[in-house]
Amino acid sequence: MKKSKINSNTLLLIITIVLFVVMYGAGCAVYSNKGFTHLQTLLNIFITNAGLICVAAGMTCVMLTGGIDISVGSCVAMYCMFLAVGMQAKEDGGWGMSSPVLMLLVLIIGIVFGSVQGYLIAYLDIQPFIVSMAGLFFGRGMTAVISNQQVDIQEPLFKAISQLRIYMPFGIGAYVNKKGKLMVPYISVGVVVALLVVVVIYLMLKYTKFGRSIYAIGGNQQSATLMGLNVKKVKFMTYILSGFLTAIGGICFCLNTMNGNTQQAIGLEMDAISSAVIGGTLLTGGVGNVIGTLFGVMINGTISSLVKTNGKLDSSWPNVITAILLCFFILLQAVFAKMKEAKK
Amino acid sequence: MENNLVLSMRGISMTFPGVKALDNVDFNLKKGEIRALMGENGAGKSTLIKCLTGVNKFEAGEIHVDGIEGPIVNKDTMDAQKKGIATVYQEVNLCPNLSVAENLFIGREPMTKIGTVDRKTMNKKAAGLMKELELDIDVTQNLEEYSLALQQMIAIARAVDMKSKVLILDEPTSSLDDREVEMLFKMMINLKNQGVGIIFVTHFLEQVYAVCDGITVLRNGTLVGEYTVEELPRVKLVAAMMGKDFDDLASIKPESSGDLTHAPLEIEAKGLSHSGTIKPFDLNIHKGEVVGLTGLLGSGRSELARVIYGADKAQTGTIKVDGKEVKIHTPIDAMNVGMGLLPDDRKAEGIVGDLSVRENIILAMQAKLGIFKRIPMQKQIEIADKYIEMLSIKTASRETLIKQLSGGNQQKVILARWLATNPDFLILDEPTRGIDVGTKTEIQKLVIKLAGEGKSLIFISSEIEEMLRTCNRMAVLRDGEKVGELSAEEMSQEGVMKAIAGGGEAHE
């Protein structure tokens with residue numbers, strides 16, 4: 001038997017990372033005059049996508065079991081609106097609540113939302129697509145029920161958290177801008193949270209019983225049952241996890257946009273799914289990991305950033321490029337699967 | 001327990017709606033014994049196994065396992081596993097995307113102090129287990145990196161490490177090649193020497209005699225007998241499985257027209273094969289001849305037919321139709337040279353339940369013409385009526401949905417479908433299975449009539465009498481290989497059974 005040191009799944013991850021590096025490198029080469037080489041440009045991609053990273057991490061776990069959760073985008077919109085209206089002063093039609101209480105409530109709602117979806121999917125055996133589609137309509141609908149206007153957030157504490165800059169230690173990547181001012185690159189609180197989520201989920205997937213059970217179920221649900229795993233419970237827990245991470249993502253997203261409106265985060269679920277797929281997660285489950293997903297998000301972010309930096313291209317171009325990348329990665333996965341089969 | 005028994009099942013009975021699946025069946029297994037559980041399809045092998053592993057609930061009887069006080073009833077397979085009864089199925093029930101070590105230990109992984117999976121210890125233990133079983137496997141690799149045979153053995157290793165006393169191997173060899181089967185046998189004997197009792201379910205007679213100590217035969221849900229291998233030579237085993245007392249087999253006079261080997265050739269297959277299902281075979285079929293394919297279930301009867309028809313693409317060999325060499329890659333190619341196939345699983349491969357009788361009849365004709373050439377309605381009606389009358393299909397009208405017809409009549413509709421394409425060569429795979437006696441006779445007569453019109457046929461059936469009545473010649477298959485042919489003179493119940501059983505006395 002021939003044994004390859006690198007299996008095809010690792011190879012997919014490497015391709016994703018290489019693609020990101022090449023893409024970003026090309027951007028640096030072409031747009032060096034527009035400041036693309038500054039570290040801050042890279043960090044801005046993180047800052048813009050902090051919410052998406054959290055949501056996509058949850059989506060990755062769900063997809064690893066072979067499921068899907070398309071409710072996440074409208075849930076994020078719902079949480080943003082909830083936070084915005086909640087913090088609005090009573091005289092302006094809001095609820096006048098403090099931001100820590102609201103954030104805690106959002107996390108609780110996320111868990112409840114996830115457990116309802118998880119119960120329907122895991123214990124009543126309903127298709128995840130249909131269940132989360134109901135979740136999608138609910139979230140989008142509730143957003144408008146809470147308020148159908150754009151509500152900006154003025155609450156001082158939330159604003160302070162939003163504007164808090166965490167500078168790079170030792171002034172890494174510092175540069176002097178055109179006005180002669182020294183700029184030290186920074187990240188936002190959301191980025192710290194998102195990276196923490198990625199690390200925790202990575203370790204959870206790799207080293208805990210729960211994490212390994214997720215992979216086992218995605219690999220072969222029937223086998224997992226026969227090997228004595230509590231498949232239903234693990235699936236249930238996975239959707240709760242996704243709901244919770246979506247709530248965290250919603251808060252991060254809100255910290256970035258500082259408002260709630262009905263058109264927010266439309267299609268975010270698709271961004272999360274495509275990031276996971278580009279990062280090497282199979283829709284059929286069992287293969288993939290959250291590091292890949294992180295790079296998936298970064299690739300999508302880089303594309304948007306490049307198009308924005310160019311300035312002349314239509315803002316719809318990122319979608320087209322993402323589509324091409326998706327096809328490319330799906331094709332790669334299919335080719336690897338065929339190669340595996342041929343080897344037998 | 002007495003006599004060193006590790007498992008003893010007494011008087012197990014169970015009914016499925018309308019069918020007595022098991023009737024008062026006993027099964028005994030000794031420590032360190034490999035016992036084959038044999039029987040034709042529907043004999044009750046799987047049902048018995050499922051009763052043992054807790055998948056089915058039996059109504060009467062007792063199960064005793066060595067070391068456990070009193071009779072046991074298993075709630076599910078997990079419960080059975082806890083009591084030391086492990087099952088390894090034909091298809092590998094492991095997770096291909098996890099490492100070998102994880103597959104061995106999932107659900108009972110060694111843990112570190114902080115509650116995470118201790119991969120180091122797990123890998124070490126797994127490697128030790130592999131070494132013990134003399135398997136050269138890197139346990140950190142994903143399971144899917146290994147061949148099916150090795151995966152099968154890893155599944156067994158998992159079962160064994162759960163400290164099983166009884167290991168059930170349910171047709172573990174059906175997708176393995178000879179060398180892999182050897183490896184598996186080595187492992188089985190290794191386990192047997194460690195005192196594990198093994199129940200081996202298989203269709204392959206060779207394998208029974210290669211590795212087993214005892215044989216238990218079931219037929220129609222009842223116990224035929226428990227034997228040692230020495231007591232039960234092949235021919236007697238086949239007789240026991242088929243329910244014929246070997247000594248008083250009455251020979252049945254064939255109704256068919258006897259030897260046709262001087263007629264011109266219709267089909268000339270040379271060295272056709274499909275890896276994993278059928279080894280290279282030669283087969284000639286003359287015009288107007290009915291050739292029967294005989295052998296036990298799983299011996300490659302249907303598989304041989306599928307290769308000729310292009311349902312499984314032949315990987316080697318050539319085929320001549322009417323003296324001309326043709327390439328058959330798909331069933332459409334086969335249809336275009338005048339072949340037809342009536343598949344054995346008519347529900348899955350034959351009928352289209354929501355179409356009418358008429359539509360089902362013209363389906364193959366339409367496929368042959370291509371989808372753009374529509375057959376005029378008037379002609380469709382003509383054809384449908386012709387065959388409904390000819391085969392006396394009992395249907396309310398030609399527009400009745402086929403799913404409302406009885407099994408036998410559905411079978412006739414499918415037969416009509418192929419007759420409508422006017423084939424020169426027709427393969428009938430178990431055309432009489434599950435239909436009543438009257439219709440069976442009609443179909444047998446029709447086969448003989450078609451042959452009389454100069455058509456060539458392959459006829460596959462599990463019922464030897466039926467084959468003797470309709471066939472001019474028989475090809476014998478065993479373990480995925482064509483092992484011989486029986487001419488009209490050699491065809492008798494006794495001769496056929498000897499040939500099926502093989503082992504020296506057959507016509508090799």
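So for segment B:86-96 (the condition being away from chain A (no Cβ under 11 Å) and closer than 20 Å to A:Gly286 by Cβ), does at least one residue qualify?
Within segment B:86-96, not a single residue is away from chain A (no Cβ under 11 Å) and closer than 20 Å to A:Gly286 by Cβ.
With respect to B:Met78, is the statement that it is at pLDDT below 85 and surrounded by fewer than 23 Cβ atoms within 10 Å (Cβ to Cβ) true?
The answer is yes for B:Met78.
Taking only segment B:164-180 into account, find how many residues are surrounded by fewer than 21 Cβ atoms within 10 Å (Cβ to Cβ) and away from chain A (no Cβ under 14 Å).
Of the residues in segment B:164-180, 4 are surrounded by fewer than 21 Cβ atoms within 10 Å (Cβ to Cβ) and away from chain A (no Cβ under 14 Å).
Name the residues in segment B:360-386 that are in contact (Cβ under 8 Å) with a residue 40 or more places away in the chain and under 19 Å from B:Gln411 (Cβ atoms), would you?
Those that are in contact (Cβ under 8 Å) with a residue 40 or more places away in the chain and under 19 Å from B:Gln411 (Cβ atoms): B:Asn360, B:Ile361, B:Ile362, B:Leu363, B:Ala364, B:Met365.
Considering only residues that are assigned to a strand (DSSP E or B), under 19 Å from B:Gly11 (Cα atoms) and of a type outside the set (Val, Ile, Thr), which ones fall in segment B:56-87?
Residues satisfying the conditions are B:Ala60, B:Gly61, B:Glu62, B:His64.
From the list A:Ser71, A:Ser32, pick out the single residue that is hydroxyl-bearing (Ser, Thr, Tyr) and within 26 Å of A:Cys254 (Cα to Cα).
The unique qualifying residue is A:Ser71.
Suppose we keep only residues that are without any contact (Cβ under 8 Å) to a residue 24 or more places away in the chain, part of a loop (DSSP other than H, G, I, E, B) and among the polar types (S, T, N, Q) within segment B:109-152. Which one would you say is nearest to the other protein chains (Cβ to nearest Cβ)?
B:Thr116
Are any residues in segment B:108-128 under 12 Å from B:Asp161 (Cβ atoms) and not hydrophobic (A, V, I, L, M, F, W, C), and if so, which ones?
The answer is B:Arg108, B:Lys125, B:Gly128.
Which of the residues spanning segment B:451-468 are assigned to a helix (DSSP H, G or I) and either surrounded by fewer than 19 Cβ atoms within 10 Å (Cβ to Cβ) or among the hydrophobic types (A, V, I, L, M, F, W, C) (or both)?
B:Ala451, B:Gly452, B:Ile464, B:Glu465, B:Met467, B:Leu468, listed by residue number.
Out of (1) under 22 Å from the mean Cα position of the chain (by Cα); (2) at pLDDT below 85; (3) surrounded by fewer than 17 Cβ atoms within 10 Å (Cβ to Cβ), what's the single condition that is false for B:Ala210?
Here B:Ala210 clears every test but (2).
Is there any pair linking a residue in segment A:332-344 that is more than 13 Å from every other protein chain (Cβ to nearest Cβ) and more than 16 Å from B:Asn97 (Cβ to Cβ) to one that is modelled with pLDDT of 80 or more and surrounded by 10 or more Cβ atoms within 10 Å (Cβ to Cβ), with Cβ under 8 Å and at least six apart or on different chains, and which?
A:Leu332/A:Leu12; A:Leu332/A:Ile15
Taking the conditions exactly as written (touching a strand residue (DSSP E or B) at 6+ places or on another chain (Cβ under 7 Å) and of a type in the set (S, T, N, Q)), does A:Gln88 satisfy them or not?
yes
Within segment B:477-501, count every residue that is assigned to a helix (DSSP H, G or I) and either more than 20 Å from B:Leu237 (Cα to Cα) or hydroxyl-bearing (Ser, Thr, Tyr) (or both).
Residues flagged as assigned to a helix (DSSP H, G or I) and either more than 20 Å from B:Leu237 (Cα to Cα) or hydroxyl-bearing (Ser, Thr, Tyr) (or both) within segment B:477-501 amount to 3.
A:Val22: surrounded by fewer than 19 Cβ atoms within 10 Å (Cβ to Cβ), assigned to a helix (DSSP H, G or I) and modelled with pLDDT of 90 or more, yes or no?
Here the answer is yes, as A:Val22 does meet what is asked.
Do you know which residues across segment B:111-133 are closer than 15 Å to A:Leu203 by Cβ and either out of contact with any Lys or Arg (no Cβ under 9 Å at 6 or more places or on another chain) or among the polar types (S, T, N, Q) (or both)?
B:Thr112, B:Ile114, B:Thr116, B:Asp118
Just to be sure before I move on: is B:Met474 at pLDDT 85 or above and either part of a strand (DSSP E or B) or on the phi < 0 side of the Ramachandran plot (or both) in the structure I sent?
yes
The values are calculated or read from the model by the stated rules, or taken from the named source; none is laboratory data. Here the structure is a predicted model, which is why all the values come from computation and not from measurement. Using ideal geometry, Cβ is built from the backbone for each residue, glycine included, and neighbour counts are taken over all protein chains shown.
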